[in-house]
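Everything on this sheet refers to the single structure shown next.
The values are calculated or read from the model by the stated rules, or taken from the named source; none is laboratory data. In this text, all values refer to a predicted model and were calculated from it rather than measured experimentally. All Cβ positions, even for glycine, are placed from backbone atoms using ideal geometry, and neighbour counts span all protein chains on display. Accessible surface is based on the protein model in full, side chains and every heavy atom, while ligands, DNA and RNA are left aside. Shrake-Rupley method; radii C 1.70, N 1.55, O 1.52, S 1.80 Å.
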Amino acid sequence: MNDLSFVRTEMLPERDPPPSTTGVIGWLRKNMFDGVWNTLLTIASIGLIVWVLGHILPWIWSPTWNAGSLDQCREIVGASGKASGACWGVIHERWPQMLYGFYPAELRLRPTLAFFLLFIALIPVLFNMISRRMNWFLLALVLFVATFFTASSALMIVVQIVLAAAVLYIGYTLVANSGSDRAEQIAAGARRLPNPLIFTALYVFLMPWLLWGGTIWTPVGAALGFVIGWLVFRLLAPVLGTLTAIILAFAAPVLWWLLLNGLFASAMHAILPFGLEPVESRQFGGLLLSVTIGVTAIAVSLPMGIVLALGRQSDLVIVKSLSVIFIEFIRGVPLITLLFVASVLLNIFLPPGTDFDIILRVIIMATVFASAYMAEVIRGGLAALPKGQYEAADALGLDYWKAQRLIIMPQALKISIPGIVSTFIGLFKDTTLVSIIGLLDPVGLSNSIRADTNWNGIVWELYGFIALLFFIFTFSMSRYSMYLERRLRTDHR
Amino acid sequence: MSAMEIEREVNRSQMQVSDKVAIEIKDMNKWYGSFHVLRDVNLTVYEGERIVIAGPSGSGKSTLIRCINRLEEHQSGQIVVDGTELSSDLKNVDKVRSEVGMVFQHFNLFPHLTILENCTLAPIWVRKIPRKEAEETAMHFLEKVKIPEQANKYPGQLSGGQQQRVAIARSLCMKPRIMLFDEPTSALDPEMIKEVLDTMIELAEEGMTMLVVTHEMGFAQQVANRVIFMDAGQIVEQNEPTEFFNNPQSERTKLFLSQIL
Ligand SMILES: Nc1ncnc2c1ncn2[C@@H]1O[C@H](COP(=O)(O)OP(=O)(O)OP(=O)(O)O)[C@@H](O)[C@H]1O
Ligand SMILES: [Mg+2]
């Protein structure tokens, strides 16, 4: 008879896994040399990579940085005895142009500052682990550094001293408080710095002013338009109902911007003149142009896409059909046609003499185009939400807007992150299409650079450089979206 | 008995039915397209009543209680909840919804918010209660459903039974006068059914007006003061539980009881 009973008298200690399954060797074995077939594939792939790099790297490694023309490049490469080599002289000579286009050289601090401030303005929107102090510290620091690149004057020195004091003070509190728990200090009544989103809101008006210059009163008036819209909504919503009030709250500021803002700005400028030297749109170019168009269109297309997606799901027949027509029409048309409409046709339809900025026209078209795609991406997210979420929100007494804002949109947007970011990336790359209507984005500039007799015949170096510039932006966006997805994951943590 | 007996003694001292009307449904009809789901439903619910609604699948139980907080619209007849008539007037609908809590079969917690945020969201945004006070209330009810320690977790990290208790707490945070339950235990394992039923019994013991769609006949026998049997969109029979189970009148009811008991 077998004895089936067993009682463990001694618990086994934890042991390390066998060495061949962990560490570098384990990883290699599992991922690269797992069986004959995989080993062959691995070796073949390595061979291919080595072969490709073996051809490309010597081409890239070419000491032509200081060459002044393609002929000089050829001499240098020929002297080194290589068959071919890159001609980096063109990048050396033209990179400022690739970045700024024909933006006046002495004013290039302005777009550079706008670019760095963009990141500061984005921090509170994109990340939640950076403290308010850090945010204000970075802002003061960037502004402080920027002052060193301006012509010195008595006013500038005062500004510099103020900024230096701010940097030192906030920096000191940052270091001094880094050990203790900020939440506790605030609970104990410590002073909080203002929300950095304030700067983000200001940046919306600051950016165009820095880029285009002109009187300060134009952006002030533009901001006033939003205040007007808000007031209209506040005053009319109780009287006319939410929907009517929203429509009027959109219409009123648009009228203000189109008809009255110009008058307001020039009147105020006559009283209190303050401004930056104006720069015209046709002087914009290079990466500056791509980023200006891309960032603005990205920032506007997301809210517009949300509105369109909600409109498409609406029970109101008119809202619904307008949204559907808009989305389907815009999606059905190539971006190029929209850009041609922006550059050529609008001029025919607008009253003669209207000065409707070409960059603004392009931004509007790019935004409209992206928002149609965005709407469909977000609609996908909305469709993925179980009906129970709407019902639970209804059952708790949340009205439509609150339910959308607090329950539906946060979840739908989270689901749609990959699609949203793909649309962003696509939009950013599509900004190169403006070269076709004669704007000098990096691609447009590369054509005109090659028209220069010195650089006639250069192809790879320029396109490689452009590709690198774009890759930095798009790759960051894609990494950010992965970070965001991880951060927002709330299941099974 | 379908799933389980309720072991503990139910304390009936508070469970008194007043003669004030909580819900009045008169000649109510509802269609889905041309499909007549609810036919001439008449029902008066008094404050403090615990009503269990039973019936075969597709008989319209869910539809009926979803009409009471207008998750579904009725097409004819009248529904008056706590003195407010449900009509297309959105103000009335919002008023009724903030007085009536609902617990769903699939919990429907908000997965992107913590348990505490789930419980404070509606009090803060609908009732305009200060955050701090709302959080205190929420913790009070979470303690009541015995999961205060989970307050900062996300719904996805909780078991089904815990999630359903959070859903009950979330409704209670709005301090509703009436609670609707649509098969609150149907998606749960037997062990978890018990913890949810316990919570519901406690609620009944405190005198809450409750309408419960359930297949838990043990709960009906011990807690309900009235059982309603529905079939084909109509109320076929209603009675107090002992009579209902021991002495059913209609053939449909007898058949139904013989299948589930
Ligand atoms: N949105 C809808 N559109 C059309 N028909 C529906 C809809 N919802 C439910 N029905 C139908 O109405 C009838 C009643 O549905 P209801 O959900 O109220 O039944 P129930 O009694 O709750 O059933 P169960 O016990 O299965 O939950 C069913 O025949 C169902 O198919
Ligand atoms: Mg049902």
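List the lysines whose Cα lies under 20 Å from the Cα of B:Lys194, skipping any in the same chain that are fewer than 8 positions away.
Reachable lysines: B:Lys144, B:Lys146.
For region A:391-415 and region A:259-296, write down the distance between their C-alpha centroids in whole Å.
39 Å
Hey, can you find the accessible area per residue of the protein assembly as shown for me, probe 1.4 Å, expressed in square angstrom?
Numbers: 40040 Å² over 754 residues.
So the protein assembly as shown comes to 53 Å² accessible per residue, rounded to a whole number.
Chains A and B: buried accessible surface, both sides, probe 1.4 Å, rounded to 100 Å²?
On the way: alone 30110 and 12010 Å², together 40040 Å².
Counting both chains, the buried surface is close to 2100 Å².
What FRET efficiency do you get for A:Ala176 and B:Asn152 if R0 is 25 Å and r is their Cβ-Cβ distance, rounded to the nearest 0.05? Show your work: numbers first, answer last.
Working: r = 29 Å, r/R0 = 1.18.
Computed FRET efficiency for A:Ala176 and B:Asn152: 0.25.
Please report the projected area of region B:1-142's Cα convex hull averaged over all directions, in nm². Let's see the in-between values first.
Values: hull surface 46.9 nm².
Orientation-averaged projected area of the Cα hull: 11.7 nm².
Measuring from centroid to centroid over Cα atoms, what is the spacing of region B:223-260 and region A:117-153 in Å?
For region B:223-260 versus region A:117-153, the Cα centre distance is 71 Å.
Can you report the principal axis dimensions of region A:372-470 using only the alpha carbons, biggest first, rounded to whole angstrom?
73, 21, 16
May I ask you to work out the translational diffusion coefficient for chain B at 37 °C, viscosity 0.692 mPa s, via Stokes-Einstein with Rh from the Kirkwood sum over Cα pairs, reported in whole µm²/s?
Working: Rh = 18.8 Å.
Taking Rh from Cα pairs, D becomes 174 µm²/s.
Quick one: check the C-alpha center-to-center distance for region B:143-219 versus region A:310-375, whole angstrom.
Cα centroid of region B:143-219 versus Cα centroid of region A:310-375: 50 Å apart.
Using a 1.4 Å probe on the protein heavy atoms only, what accessible surface does B:His112 show? Give it in Å² to the nearest 10.
Rounded to the nearest 10, that gives 30 Å².
How are the C-alpha pair distances of region B:191-230 spread across 5 Å bins, as whole percents from the shortest bin up?
Distribution as computed: 6, 21, 38, 24, 9, 3 percent.
Could you bin all the Cα-Cα distances of region A:150-300 into 10 Å bins starting at 0 and give me the percent of pairs in each, rounded to whole numbers?
Result returned by the calculation: 9, 22, 29, 24, 15, 1.
Rounded to the nearest 500, what is the 222 nm mean residue ellipticity of the protein assembly as shown from helices alone, with -39500 (n - 2.57) per DSSP H run of 4+ residues and division by all residues?
Working: 31 runs with 433 residues, N = 754.
Calculated from helices alone, the mean residue ellipticity at 222 nm is -18500 deg cm²/dmol.
Past the 21 angstrom mark, what percentage of all C-alpha to C-alpha distances in region B:145-226 do you count? It would help to have the intermediate numbers written out before the result.
On the way: 838 of 3321 pairs.
Tail of the P(r) past 21 Å holds 25 percent of the pairs.
How many percent of all Cα-Cα pairs in the protein assembly as shown sit more than 42 Å apart? Provide the component values of the computation, followed by the final result.
Values: 144395 of 283881 pairs.
Pairs farther apart than 42 Å: 51 percent.
Placing +1 at every Lys and Arg Cβ and -1 at every Asp and Glu Cβ, with all other atoms neutral, what dipole size does chain A have around its Cα centre, in debye to the nearest 20?
On the way: 32 positive and 27 negative charges, 127 e Å.
Rounded to the nearest 20 debye, it is 600 debye.
Quote the FRET efficiency, to the nearest 0.05, computed for A:Ala384 versus A:Val159 with a Förster distance R0 of 45 Å and r equal to the Cβ-Cβ distance. Kindly include the intermediate steps, with their values, before the conclusion.
On the way: r = 51 Å, r/R0 = 1.13.
Using R0 = 45 Å, I get an efficiency of 0.30.
List, largest first, the extents of the alpha carbons of region A:46-180 along their principal axes, each in whole Å.
60, 45, 24
Test of the criteria: in region A:1-61, which trypsin sites (Lys or Arg not before Pro) are in a DSSP loop and have at most 16 other Cβ atoms within 10 angstrom of their Cβ? Intermediate results must be reported in sequence, preceding the final value.
Values: sites: A:Arg8, A:Arg15, A:Arg29, A:Lys30; in loops: A:Arg8, A:Arg15.
Within region A:1-61, the qualifying trypsin sites (Lys or Arg not before Pro) (loop, at most 16 other Cβ atoms within 10 Å) are A:Arg8, A:Arg15.
State, to one decimal in nm², a quarter of the convex hull surface area for the C-alpha atoms of region B:69-184, i.e. the direction-averaged projected area. Kindly include the intermediate steps, with their values, before the conclusion.
Working: hull surface 30.1 nm².
Over all viewing directions, region B:69-184 projects a mean Cα-hull area of 7.5 nm².
How far is it, in nm, from the label point at A:Ala251 to the one at A:Glu280 when both lie 7 Å from their Cα along the line to the Cβ?
Result for the modelled spin labels: 3.7 nm.
May I ask you to give the average projected area over all directions of the convex hull of the Cα atoms of region B:179-261, in nm² rounded to one decimal? The partial results should precede the final answer.
Numbers: hull surface 22.6 nm².
In nm², the orientation-averaged hull projection of region B:179-261 is 5.6.
Which value in nm describes the separation of the simple spin-label points at A:Trp27 and B:Ser34, placed 7 Å from the Cα toward the beta carbon?
It works out to 6.7 nm between the two label points.
Among B:Met102, B:Met28, B:Met208, determine the one that fluctuates most according to a GNM of chain B built with springs between C-alpha atoms less than 10 Å apart.
B:Met28
At 0.890 mPa s and 25 °C, plugging the Kirkwood radius over alpha-carbon pairs of region B:142-184 into Stokes-Einstein gives what diffusion coefficient in µm²/s?
The Stokes-Einstein estimate is 223 µm²/s.
Quick check: convex hull over the Cα atoms of region A:1-99, volume per residue in Å³, rounded to an integer?
Working: hull volume 24.5 nm³, N = 99.
About 248 Å³ per residue, rounded to a whole number.
For B:Val17, A:Val162, write out the residues from largest to smallest accessible area, computed with a 1.4 angstrom probe and no ligands counted. Display every interim value, and only then the final one.
On the way: B:Val17 65, A:Val162 90 Å².
Of B:Val17, A:Val162, the descending order of accessible area is A:Val162, B:Val17.
Leaving out ligands, DNA and RNA, what percent of the accessible area of region A:283-338 is carbon and sulfur, probe 1.4 Å?
78 percent
Mind giving me the nanometre distance, one decimal, between the label points for A:Arg132 and B:Arg177, set 7 Å out from Cα along Cα→Cβ?
Between A:Arg132 and B:Arg177, the label points sit 4.2 nm apart.
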